[in-house]
Structures are given as structure tokens and as C-alpha cells.
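What follows is a single structure, written as C-alpha cells, with notes after it.
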Amino acid sequence: MKYRRALRYALSILALLVLAPAVVLVALHMPAFGGQLLAYGATVNAHVPSMRQATNVVTAIIFDVRGADTLGEEFIFAAAITGLAVLLRGGRGEDASREPIHADGRQLPARSEAVALLIRWMLPATIAFSLYVMAHGQLTPGGGFQAGAMLASALLLLFLGDGYRSWRQVVPPVVMQLLEALGAVGCVAVGLLPMLLGAGFLENVLPQGQPKSLTGGGLIPLFNVAVGMAITGGFVNALVEFLEETRVPKEGDS
Amino acid sequence: MKFAVAGCLILVMISGALVAFTRRPARQVLMISVHGLFLSMLFLLLQAPDVAYSEIAVGTALVPVMFLTVLAATRGGGRRNVPR
């Protein structure tokens with residue numbers, strides 16, 4: 001045992017001796033902090049806003065210039081959520097129980113009325129803001145992924161304020177599963193739409209619209225909304241799968 | 001601006017170290033959330049508002065909730081501990 005510890009120390013010192021100079025070397029050769037635009041960034045900044053009527057170049061890159069990457073990422077996300085559901089349901093059974101069940105012996109702390117009230121004010125505001133972010137993806141910071149994650153966490157506020165039962169009633173998993181699936185299908189449909197018009201996959205051939213308008217950007221807003229739907233549904237489904245894991249089934253409830 | 005970035009970096013460093021050094025898992029989850037908040041402030045200052053949005057929604061809300069759920073499930077009372 002002691003021998004092993006000495007070996008571990010020797011190994012860590014050896015690693016430190018090798019890696020520490022490497023870290024210092026890399027740090028010394030880093031480009032200056034901020035203020036430096038690489039060639040790709042300069043090119044994109046020069047051409048994308050006028051070509052796509054999009055003021056948020058980040059979204060334009062994600063959903064148009066490198067849209068195929070985003071499509072792949074979207075399906076990585078969907079596959080991860082599916083894997084999670086398969087893994088957890090493998091141990092638990094297929095059905096998510098419709099009735100939320102309370103585990104025996106776990107204390108249910110009383111909810112503060114102040115928290116419940118605050119959340120009833122904040123919930124609509126957060127949902128409205130996330131929809132705003134989704135709609136203005138090509139104009140202001142944010143986009144489908146951000147809006148989807150925001151919407152999922154906004155819905156989670158309901159769990160915090162009004163409890164698991166109301167959360168599950170207001171946000172039924174079936175709806176969220178449909179939302180995730182429709183979002184994923186929508187991403188592919190957005191890619192296939194230009195092919196119907198005789199262009200390449202995900203080629204932005206739709207009319208680009210007016211600058212600084214909600215409809216500007218051609219395919220970008222559509223792709224944005226599809227990704228937003230898929231992300232919202234995916235996150236909520238993952239949370240439902242995890243939360244089901246903390247519950248004990250009633251008699252006769254699978 | 002430079003000082004704001006430096007201050008944020010220091011806050012990120014401190015909160016990151018606190019995540020690693022916190023022993024009780026439930027508190028650690030809360031520290032992850034605080035760390036995510038400081039990280040998103042840093043991203044905002046470094047002119048990456050898109051990333052700040054993602055970080056604040058995923059890092060301070062969704063990931064901690066998932067960790068808390070996992071803690072609740074592994075602490076007993078979950079289905080796995082019920083004889084079938």
C-alpha cells in the first residue's frame with residue numbers, strides 16, 4: 001500500500017515536470033487577449049450581414065453557414081436523451097406513471113407562499129422572454145438552443161413554485177415528447193426544403209426578407225424554431241426521466 | 001473593462017475551487033450553480049452573450065436540478081431500493 005502511494009507521488013511529480021513547462025510555453029505563445037479578429041471571423045463579418053439580413057452573425061453561422069454541424073449536434077442531443085430514457089426505463093419499466101407518486105418516508109416540505117407568488121409572476125415573464133429570444137435569433141443574441149434551454153428551465157420554475165404534481169399536469173410528457181420529435185423532424189425538413197426547390201441540402205434559397213425584421217434570414221428563423229422545440233422537449237423529457245427515478249410505484253402501478 | 005474581466009476571472013477561479021473543495025454533495029451542487037453564474041457574467045463581459053445565455057440556462061438551472069435529482073434518487077427511497 002505504501003509502495004503504491006510512493007509510486008503515485010512519483011508519477012504525479014513526473015507528470016508535473018513534463019506538463020508544467022508545456023503549459024508555460026503555451027501560455028507564452030497565446031495570441032493577445034481580445035481585440036484580434038482571425039481571417040474566418042473577418043470574412044464572415046464582412047459578408048454575412050448583407051447576404052442574410054441577419055445582425056447576429058453567431059446565429060447566422062450556426063444555422064446557415066455551418067448549418068450541417070448544427071443538424072448533427074441536434075441529433076447528438078436527441079440521441080443522448082433517447083439513450084437516457086432507454087437506460088433508465090430499462091431498470092424501471094416502460095411507462096412513465098401518469099400520476100406523480102410520493103415516496104414513502106420522504107418529507108414534503110411546505111412551500112413558502114412568497115416563493116409560489118414570485119414564481120407565478122416570473123413564469124410568464126420568463127416564457128415570454130424565451131419566446132422572444134427564439135423569435136429574434138437572427139437579430140439579437142440568443143437563438144434556438146438558448147431559447148429552448150430557457151423555456152425548459154422556465155417550466156421548471158413551475159415545479160419549484162407549485163410542486164411536482166402541477167408541473168406534470170401542466171407539462172404532460174406526451175406533449176414534450178411530441179415537441180422533441182417534431183423539432184428533430186423539423187430540423188431535417190428545413191434541410192430538405194431547399195432540395196425540393198432544386199438547391200442543395202440546407203442551402204439558404206428562401207427570400208431573405210428585410211434587414212432587422214423577424215422574417216429576415218430565409219431558412220434561419222425556421223431552423224431556429226425547430227431547434228428550440230427539440231431542445232425544450234429534450235431537456236424536459238430528461239428531467240422527467242430523472243425525476244421518475246426518485247419515486248416509488250403504488251400497488252398495481254407499473 | 002479590463003478590471004471587470006479580471007474581477008470576474010478571479011470570482012470564477014474562487015467559485016471553481018469551492019466546487020472542488022466542497023465536501024457535501026448537495027452544497028456542491030449549489031456551488032456549481034454559483035460557479036455557472038460567475039462564468040456567464042464572464043462570458044457576457046467577453047462579448048459572448050449567446051454563450052452567456054446558454055451557460056445561465058444550462059449551467060445554473062438544468063444541470064444542478066439533474067444533479068439534485070440524482071442525489072435524491074441515490075439516497076434511498078428510490079425505486080431501485082424497493083424489493084421487486
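Laid out as a table, the results:
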item	result
Contacts under 7 angstrom Cβ, first residue in region A:29-53 being outside any helix (DSSP H, G or I), partner at pLDDT below 85 and among the polar types (S, T, N, Q), 6 or more apart	A:Gln53/A:Gln208; A:Gln53/A:Gln210
Of the criteria (1) under 21 Å from B:Thr60 (Cβ atoms); (2) within 14 Å of chain B (Cβ to nearest Cβ), which one A:Leu139 fails	(1)
Selection status of B:Ser33, of a type in the set (S, T, N, Q), touching a Pro at 6+ places or on another chain (Cβ under 7 Å) and assigned to a helix (DSSP H, G or I)	yes
So B:Ala6, is it over 26 Å from A:Pro141 (Cα atoms) and of a type in the set (A, V, I, L, M, F, W, C)	no
Selected residue (criterion: nearest to A:Ser153 (Cα to Cα)) from residues of region B:3-44 that are among the polar types (S, T, N, Q) and surrounded by 17 or more Cβ atoms within 10 Å (Cβ to Cβ)	B:Ser33
Inter-residue pairs, beta-carbon under 9 Å, first over 23 Å from A:Ile119 (Cα atoms) and touching a residue at least 12 places away in the same chain (Cβ under 8 Å) and in region A:130-158, second among the hydrophobic types (A, V, I, L, M, F, W, C) and not in a helix (DSSP H, G or I), 6+ apart	A:Ala135/A:Leu214; A:His136/A:Leu214; A:Gly137/A:Ala54; A:Gln138/A:Ala54; A:Gln138/A:Leu214; A:Leu139/A:Ala54; A:Leu139/A:Leu214; A:Pro141/B:Ala48
Matching entry among A:Val188, A:Val171 (being among the β-branched types (Val, Ile, Thr), closer than 29 Å to A:Ala125 by Cβ, surrounded by fewer than 23 Cβ atoms within 10 Å (Cβ to Cβ) and in contact with a Leu (Cβ under 9 Å, 6 or more places away or on another chain))	A:Val171
Cβ pairs under 6 Å, 6+ apart, first in region B:35-58 and free of Cβ contacts under 8 Å to residues at least 24 places away in the same chain, second surrounded by fewer than 20 Cβ atoms within 10 Å (Cβ to Cβ) and among the aliphatic types (A, V, I, L, M)	B:Phe43/B:Val51; B:Asp50/A:Val58; B:Ala52/B:Leu44
Unique match (being modelled with pLDDT under 85 and either within 22 Å of the chain's Cα centre (by Cα) or among the aliphatic types (A, V, I, L, M) (or both)) among A:Leu243, A:Leu202, A:Leu193	A:Leu243
Of all residues in region A:66-86 being closer than 18 Å to B:Met66 by Cα and within 13 Å of chain B (Cβ to nearest Cβ), the one that is modelled with the lowest pLDDT	A:Leu84
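One line per residue, one yes/no per condition, for (1) under 21 Å from A:Leu84 (Cα atoms); (2) buried (at least 19 other Cβ atoms within 10 Å of the Cβ); (3) within 8 Å of chain A (Cβ to nearest Cβ):
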{"site": "B:Leu46", "(1), (2), (3)": "no, no, yes"}
{"site": "B:Pro49", "(1), (2), (3)": "no, no, yes"}
{"site": "B:Ala57", "(1), (2), (3)": "yes, yes, yes"}
{"site": "B:Val63", "(1), (2), (3)": "yes, no, no"}
{"site": "B:Leu68", "(1), (2), (3)": "yes, no, no"}
{"site": "B:Leu71", "(1), (2), (3)": "yes, no, no"}
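A quick yes/no check of all residues on (1) within 28 Å of B:Leu42 (Cα to Cα); (2) at pLDDT 90 or above; (3) under 25 Å from the mean Cα position of the chain (by Cα):
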| position | (1), (2), (3) |
| --- | --- |
| A:Ala10 | no, yes, no |
| A:Leu16 | no, yes, no |
| A:Val26 | yes, yes, no |
| A:Met30 | yes, no, no |
| A:Ala39 | yes, no, no |
| A:Arg52 | no, no, yes |
| A:Asp64 | yes, no, yes |
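The values are calculated or read from the model by the stated rules, or taken from the named source; none is laboratory data. None of the values given here were measured: they were computed from a predicted structure. Virtual Cβ from ideal backbone geometry, glycine too; neighbours counted across all protein chains shown.
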